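Inspection log for the structure reproduced underneath, given as structure tokens.
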Amino acid sequence: MSNYRPFCRSTWLVAAAAVTASVLVTSPLHAQVARGDQHAALPEGAKSQPASDKSGPSTPANSSSAAGADQRDPGQKGIAGKAIDKVKEVAKSASDIFHRVPCLPPKGVAKTMGSLPHVASKLAAGQPVTIIAFGSSSTQGYGSSAPEFTYPNRLAAQLHRQYPGADIRVVNRGKGGEDAPEMMRRLQTEVIDAHPDLVIWQVGTNAVLRDLDPSETGKMVEDGVTRIQAAGADVVLVDPQYSPRVNERAASASKIIRLLNRVAELRHVSIFPRFEVMREWHEKQSIPIDSFVIADGLHMNDWGYACFAQLLGDDIIKSVGQIKLGVNVPADVRTYRPM
């Protein structure tokens, strides 16, 4: 993964022109999120973590502080102008949120996720791309202060900045409280039928919290990965988060993480080791846990989602660069391996 570089004004100005013609993200109503990442979603009308939450290293920028925002009467601005302003806001917030605590590539984890041949080839060729973020409440975005600060939205914004002329669509298919059994029931209709080029599948946290049989979870995930691959999409698995409530069940979490790595190796797909990356934030980079996890001891905050998306996006961008350079990364090195 490449080092983080603050987004300069010229970068988001170029991206702004492209976003008016690109779909950023399709996501469910942000209010319908699960409390505690366990069972049912919150009642209708409930809200995610408020913007004033101080658990993160910094507070995301709002529209009034967006750099270069148009000072004219908003009523006189067209759709294109409003879209450009929105991109400016998101680009500035991405820079602002890392101002106090930068998002650094992990040193304690091997940094080459390997190739994503399908999605990378399409991006390199300038073809339309659909990415589906599949998972539970941390994909849906519980803990973020606003929908645009969920990890799928952050990832979409990063990819649009990197490829301003590309037609990139990131679809949020996160649903709070679910794990492999529930996800498998909607895999066909909400993922495969959408003909994605890449599926980022976050799974396993609720299996830990609900004491589900790890071996059964592994079998279901392997079956799901096989079906996604048969549909022609790349797959990235995302394991549980490093957080107090997951760490309370360390033995169960370790089993799930080992099984997900085994599935990745058997099916030759990528895995993003969220647990190890977040543990490094705390143990190696000395970032307090409450700087990236909200008060429930489980879900990430705006900074946590932003850094997760940044590192994941860096891997996708690297894979595109490999395709453009004609580098062929063997399938059997597509998974992270701790150093």
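Here are the numbers:
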| item | result |
| --- | --- |
| Cα centroid separation, region 203-273 to region 113-144 (Å) | 17 Å |
| Relative contact order computed over region 196-291 (Cα-Cα under 8 Å; 6+ residues apart), in percent | 33 percent |
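Bear in mind these aren't lab numbers, they're just calculated from the coordinates by the rules spelled out. Since the structure is predicted, the reported quantities are computational estimates derived from the model, not experimental observations.
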